[in-house]
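One structure is given here, and the rest of the page talks about it.
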Amino acid sequence: STRDTSLPHAGKEGVGPMKYNGPERRKHPRIPMAARVKLLDTGATDYLLARDISIGGIGVACDYPVKVGESVRMEISISGVDKLIKVSGKVVREIRDRPRGYGIQFTRFAPYSRARLAGILGRLVKA
C-alpha cells in the first residue's frame, strides 16, 4: 500500500534536532528523525513533524499551544515502517525557538509499540 509521507509542518527549517538551552535531563539520547505525529484528543487535525526521538520521548515542531504538564496520546508514523507507534506521553518542555515545539516524555506504549520503536532506533544507531 502507498502511504502519504509528506510532512506538512516541516517548513523551511528542514529536519534536525530541537534546540534547547536548558540542562540536559534525558535518560535516553535523542536521534534526529523526521516522522509524522498525530496528537489525539487535542482537536488537532494536522500531522506534526517529529524532529528527534528516543525510547523515552520525542521532540515535535508545533505552532499551536500545548500546555507543559498536559498528557497526550500520539500515533507516530515513520517512513518505511508499515505499523504506527502508539504511545501516551506528557509534555515536559516548550521550545520557543524557531521552529517552536515541545518535548514529550513517553509514559505508556500500546502493545508491541515499544519493541517496534526500539528496533527502529537500534537500526538507526548501527547505520
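Using packing as a proxy for protection, rank 107-116, 54-63 so that the peptide with the highest average count of other Cβ atoms within 10 Å comes first.
Descending packing order for the listed peptides: 54-63, 107-116.
Out of the GluC sites (Glu not before Pro) in the range 57-126, which ones are loop residues according to DSSP with at most 16 other C-beta atoms within 10 Å?
Of the GluC sites (Glu not before Pro), the ones in loops of the range 57-126 whose Cβ has at most 16 other Cβ atoms within 10 Å are Glu70.
Percent of alpha carbon pairs in the range 68-127 separated by more than 17 Å? Write down the numbers at each step before the final one.
Details: 871 of 1770 pairs.
Counting pairs separated by more than 17 Å, the tail of P(r) holds 49 percent.
Readers should treat all values here as calculations from the given coordinates under stated rules, not as data from a laboratory. Everything numeric in this text was worked out from a predicted model, so none of it was measured. Here Cβ is always computed from backbone atoms with ideal geometry, including for glycine, and neighbour counts include all displayed protein chains.
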